[in-house]
Number of protein chains: 2
Amino acid sequence: MRVMGVDPGLTRCGVGAVEGRPGAPLQLVAVGVVRTGADEELGTRLVGIEAGIEQWLDDVRPDAVAVERVFSQHNVRTVMGTAQAAGIAVLCATRRGLPVALHTPSEVKAAITGSGTADKKQIGAMVTRLLRLTEMPKPADAADALALAICHVWRGGAQHRLAEALARATRKDARS
Amino acid sequence: MRVMGVDPGLTRCGVGAVEGRPGAPLQLVAVGVVRTGADEELGTRLVGIEAGIEQWLDDVRPDAVAVERVFSQHNVRTVMGTAQAAGIAVLCATRRGLPVALHTPSEVKAAITGSGTADKKQIGAMVTRLLRLTEMPKPADAADALALAICHVWRGGAQHRLAEALARATRKDARS
């Protein structure tokens, strides 16, 4: 399964894709950042984010897209732009019929490091180790996008195994 | 000048267009609401908002679009969806090369009623009077979208007159 993660932001929108399935080594597909200028008008920036995400979807061709769920407790000064960038990522993926999942920052941290309160450095270190990279992806937004994608592969896998277990239990019930 | 106002929201996105210029009677062009289902997934809702706004832009063909500026002090439960709907309206207008203005709720209230703290009913009453309608546009989101459009016609006019006055003053300076 190929998952593209998006760590939304107007100035730096992290994008990272991995290929993998639960219980097997993960592969890095690509990682980078979509940037827009802080001095540009909001509309120009949103059009830039849309074009950047579309280009990434064309290049990476993911099976699913994972976007960070934005809360109003985030940095108040930038939260509206962050929410709007996230909305555009969700819009672009849905227009292509791709499944979209929203994961909270603490879900991602817990999935990658075992702790829902891990810091950026710890996330970066685990992403580097899990993908067997020679150095930490930079900036932090790029590493966070990979963490989202990895979280989705693993959570998706857990949900898949749960669904399988339920299906097996139901078949057993039907036979007994 | 034809202005389309957008009062953003995921469940009800108010849209209203007026034709006018400062100092002349305003004309209603069209008013309504783009709705999406509260039980639909976020992506489906955002695609629905985009399709609705595009249809309105096709039908109304405005010269400018005015969108309510969303603050994080808004209703916390819905503010992220409101910000995302606003972002999509700004995106759609900018893709067409239309000028986009963001006005705060208090700027709109002050422009329409003279008071930045006017309530919904007062806004609705003034929109009804200014457009010489026989009844108040409903729901409130539709009336608010018209108020945004009217605010933009008047503020745009004031800014235009200010720019003209500055240009005259500059010419005078240049002559003296």
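The values are calculated or read from the model by the stated rules, or taken from the named source; none is laboratory data. Computed from a predicted model, the values in this text were never measured in an experiment. Glycine gets a Cβ as well: all are built from the backbone with ideal geometry, and neighbour counts include every protein chain shown. Heavy atoms of the whole protein, side chains included, go into the accessibility calculation; ligands, DNA and RNA do not. Shrake-Rupley method; radii C 1.70, N 1.55, O 1.52, S 1.80 Å.
Quick notes on this one:
- When the residues of the range A:50-81 are filtered to those that are among the β-branched types (Val, Ile, Thr) and within 14 Å of B:Ala83 (Cβ to Cβ), the one that is farthest from the other protein chains (Cβ to nearest Cβ) is A:Thr78.
- Residue in the range A:115-133 that is more than 14 Å from chain B (Cβ to nearest Cβ), modelled with pLDDT of 95 or more, in a loop (DSSP other than H, G, I, E, B) and open to solvent by 20 Å² or more (accessible area, probe 1.4 Å) present: yes
- Any hit, the range B:103-112, residues being among the aliphatic types (A, V, I, L, M) and within 14 Å of chain A (Cβ to nearest Cβ): no
- Taking the range A:101-112 as the range and being open to solvent by 40 Å² or more (accessible area, probe 1.4 Å) and under 25 Å from A:Gln55 (Cα atoms) as the test, only A:Leu102 passes.
- In the range A:97-115, the residues that are among the acidic types (Asp, Glu) reach residues that are open to solvent by 40 Å² or more (accessible area, probe 1.4 Å) with C-beta atoms within less than 9 angstrom, at least six apart or across chains, in these pairs: A:Glu107/A:Arg69; A:Glu107/A:Arg155.
- Applying the criterion of at least 1 residues that are in contact (Cβ under 8 Å) with a residue 24 or more places away in the chain and surrounded by fewer than 16 Cβ atoms within 10 Å (Cβ to Cβ) to the strands (runs of 3 or more DSSP E) found wholly in the range B:1-71 leaves B:27-35.
- Qualifying residue in the range A:155-164 (condition: part of a loop (DSSP other than H, G, I, E, B), modelled with pLDDT under 90 and not aliphatic (A, V, I, L, M)): no
- Some residue of the range A:84-91 being open to solvent by 30 Å² or more (accessible area, probe 1.4 Å) and farther than 12 Å from A:Met4 by Cα: no
- Any hit, the range B:25-46, residues being under 21 Å from A:Gly48 (Cα atoms) and within 14 Å of chain A (Cβ to nearest Cβ): yes
- Residue match in the range B:82-100 (condition: aliphatic (A, V, I, L, M), within 14 Å of chain A (Cβ to nearest Cβ) and outside any helix (DSSP H, G or I)): yes
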